[in-house]
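As structure tokens, the structure follows; a few thoughts come after it.
The values are calculated or read from the model by the stated rules, or taken from the named source; none is laboratory data. In this text the structure is predicted, and so the values were computed from the model without any measurement. Positions of Cβ are generated from backbone atoms using ideal geometry, with glycine treated the same way; all protein chains shown enter the neighbour counts. All accessible areas refer to the heavy atoms of the entire protein, side chains included, with ligands and DNA or RNA removed. Shrake-Rupley method; radii C 1.70, N 1.55, O 1.52, S 1.80 Å.
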Amino acid sequence: MLPNTERIYHDPLHGAIALSNGDPTEALLIRLIDTPAFQRLRRIRQLGPASLTFHGAESSRFTHSLGVMAIARRAFDRIAASYPQLCPYRPVVLCAALLHDLGHGPFSHTGEEIFGNNHEYWTRRILQEHAPIREALDSFQPDLPEQIIQVYLKKHPIPLVWQLVSSQLDCDRLDYLMRDSYFTGASYGKIDLDRILMALRYDPVSQQLVVALKGMAAIEHYLIVRYFMYAQVYNHPKNIAASWILEKAMERARQLLQMGQLEADNTVTAWLTVAAGGIRETTSWNFGPSAETPLSLNRYLAADDGVFIYHIQRWQNSSDPVLADLCRRFIDRDLLKAVDVTHLAEKEQTILLQKTHYWLAAAGFDAPYYTGLRISFSRGYTLYQKGIKLQTNTGLEEISNLSSLVRTLTNPYQRTWLIYPHEVEAELMLAEKESR
């Protein structure tokens, strides 16, 4: 029997993602994918609790990471065909793309807000301390872990190398916009990936990633897509309400744990114990056993969505009525509501919140768990990490200098939401009517 020389991952967006054992870099990617830390990403949803809003949003960080690697391979190989001097950087680009989300914890970005962890910090720690990954990288090239971390810190000496992974126009964003659109059923995220990739260029003078002028329309479309995905999907009011319920359930669980009144396994106990303090960030990439963090790497990696969902299901039967109700609401999708109060002055928002507290207390609710103000924020297009440069006859130009459409996307915006349960909706609607 012939040895298995190829690994194929069938992806709904990119089709067959084939990796060849005959290619040393791709053989390394296969080895990395098979590590426990990477397989764990199968158990972490890409969009956290967003499936309670968009029922198809159940794709994982695993599928997204494979997609980012697939796009990065297409982009890099096309550019390197014209600039062979870039070929030695192929392993670092593809490994960095594949492993960029390795440190995500339960519920992805929502979990970061709840538990105070930073997935980029944990990605770097896993690269340094998780034996299967570290050994695979070291055996391929001793300085490869250091180069990958340079990419994540945007310090790699060749800007193109890190820009393909983390910039205003990177393979991560290209994949998650397409993937999140596909799985949520939203049409906003449909970008012209082929045209964008064909327009990507390398500028040998500045050594950075740039875009051919003919690709400007495709980039404008990409930036508009990103704007609408944040407005209509990521900051959807139901997503905000679902995240609130989850956050308040964990807050209540943490309080009960401190009082010795919560049943939880060692992993969840550890996460709840450190959640209030979060993780101290550091700018150093040289992590080791002496790094200051209250949560061990093994305990961090032991947590995923399934571990916490199991506890939330159990806590529905808690003797504590607040925890039991919050967990039941999350499991049964009996979510709170979120109404946009951005139009109200700050003082009026505060008054409305105080009234909602009063109505909830009168109805027997522990008000702080069921109402509050939550802000959703989008920075729009910024010059983050060199922005997006276009090749013109007179040199490189920032896209916002050439496109009036992009300039309209540079203004940040935020919305303020009042969270409340449907039980006080009648009072709230009457108060809003009277305020007009």
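In table form, for the structure just shown:
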read-out: Every residue from the range 372-399 that is under 13 Å from VAL211 (Cα atoms) and either basic (Lys, Arg) or in contact (Cβ under 8 Å) with a residue 12 or more places away in the chain (or both); value: LYS386, GLY387, ILE388, LYS389, LEU390, GLN391, THR392, LEU396, GLU398, ILE399
read-out: Some residue of the range 192-208 being assigned to a helix (DSSP H, G or I), under 30 Å from TRP417 (Cβ atoms) and of a type outside the set (Val, Ile, Thr); value: no
read-out: Filter result for the condition that a residue is open to solvent by 30 Å² or more (accessible area, probe 1.4 Å) and without any contact (Cβ under 8 Å) to a residue 60 or more places away in the chain, over PRO24, PRO88, PRO36, PRO12; value: PRO88
read-out: Cβ pairs under 9 Å, 6+ apart, first in the range 342-371 and under 17 Å from PRO321 (Cβ atoms), second among the basic types (Lys, Arg) and surrounded by 12 or more Cβ atoms within 10 Å (Cβ to Cβ); value: ASP366/ARG252; PRO368/LYS248; TYR369/LYS248; TYR369/ARG252; TYR370/LYS248
read-out: Boolean, GLN349 is open to solvent by 50 Å² or more (accessible area, probe 1.4 Å) and either polar (S, T, N, Q) or on the phi > 0 side of the Ramachandran plot (or both); value: no
read-out: Within the range 391-421, tally of residues that are at positive phi and buried (at least 17 other Cβ atoms within 10 Å of the Cβ); value: 0
read-out: Residue within the range 239-246 that is open to solvent by 40 Å² or more (accessible area, probe 1.4 Å), part of a helix (DSSP H, G or I) and of a type outside the set (A, V, I, L, M, F, W, C) present; value: no
read-out: Checklist (1) of a type in the set (Lys, Arg); (2) without any contact (Cβ under 8 Å) to a residue 24 or more places away in the chain; (3) buried (at least 23 other Cβ atoms within 10 Å of the Cβ) applied to ARG124, failing item; value: (2)
read-out: Selection status of PHE330, part of a helix (DSSP H, G or I) and closer than 19 Å to ASN235 by Cα; value: yes
read-out: 3 or more residues closer than 24 Å to MET178 by Cβ: qualifying helices (runs of 4 or more DSSP H) within the range 1-113; value: 24-33, 61-82, 90-99
read-out: Selection status of HIS109, closer than 30 Å to GLN255 by Cβ, open to solvent by 10 Å² or more (accessible area, probe 1.4 Å) and not small (Gly, Ala, Ser); value: yes
read-out: Residues located in the range 155-191, provided they are open to solvent by 40 Å² or more (accessible area, probe 1.4 Å), assigned to a loop (DSSP other than H, G, I, E, B) and either aromatic (Phe, Trp, Tyr) or at pLDDT 95 or above (or both); value: LYS155, PRO157, TYR188
read-out: Test: residue in the range 142-152 that is open to solvent by 30 Å² or more (accessible area, probe 1.4 Å) and either within 16 Å of the chain's Cα centre (by Cα) or under 21 Å from GLY306 (Cβ atoms) (or both); value: yes
read-out: Residue match in the range 209-230 (condition: part of a loop (DSSP other than H, G, I, E, B), of a type outside the set (A, V, I, L, M) and surrounded by fewer than 21 Cβ atoms within 10 Å (Cβ to Cβ)); value: no
read-out: Flag for ARG42 being open to solvent by 30 Å² or more (accessible area, probe 1.4 Å), at pLDDT 95 or above and within 17 Å of the chain's Cα centre (by Cα); value: yes
read-out: In the range 1-24, the residues that are at pLDDT below 95 and touching a Gly at 6+ places or on another chain (Cβ under 9 Å); value: THR5, GLU6
read-out: Options LEU177, LEU144, LEU164: the member that is under 26 Å from TYR413 (Cα atoms) and either in contact (Cβ under 8 Å) with a residue 40 or more places away in the chain or not hydroxyl-bearing (Ser, Thr, Tyr) (or both); value: LEU177
read-out: Residue list for the range 247-260, filter: in a helix (DSSP H, G or I) and of a type in the set (Gly, Ala, Ser); value: ALA249, ALA253
read-out: First in the range 254-275 and over 15 Å from PRO106 (Cα atoms) and in contact (Cβ under 8 Å) with a residue 12 or more places away in the chain, second anywhere and of a type in the set (Asp, Glu) and not in a helix (DSSP H, G or I), Cβ under 8 Å, 6 or more apart; value: LEU256/ASP320; GLN261/ASP320
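The rows are residues; the columns are (1) modelled with pLDDT under 95; (2) within 16 Å of LEU174 (Cβ to Cβ); (3) of a type in the set (Phe, Trp, Tyr).
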position: ILE219; (1), (2), (3): no, yes, no
position: VAL225; (1), (2), (3): yes, yes, no
position: ASN239; (1), (2), (3): no, no, no
position: GLU251; (1), (2), (3): no, no, no
position: LEU257; (1), (2), (3): no, no, no
position: GLY260; (1), (2), (3): no, no, no
position: ASP265; (1), (2), (3): no, no, no
position: ALA276; (1), (2), (3): yes, no, no
position: ILE279; (1), (2), (3): yes, no, no
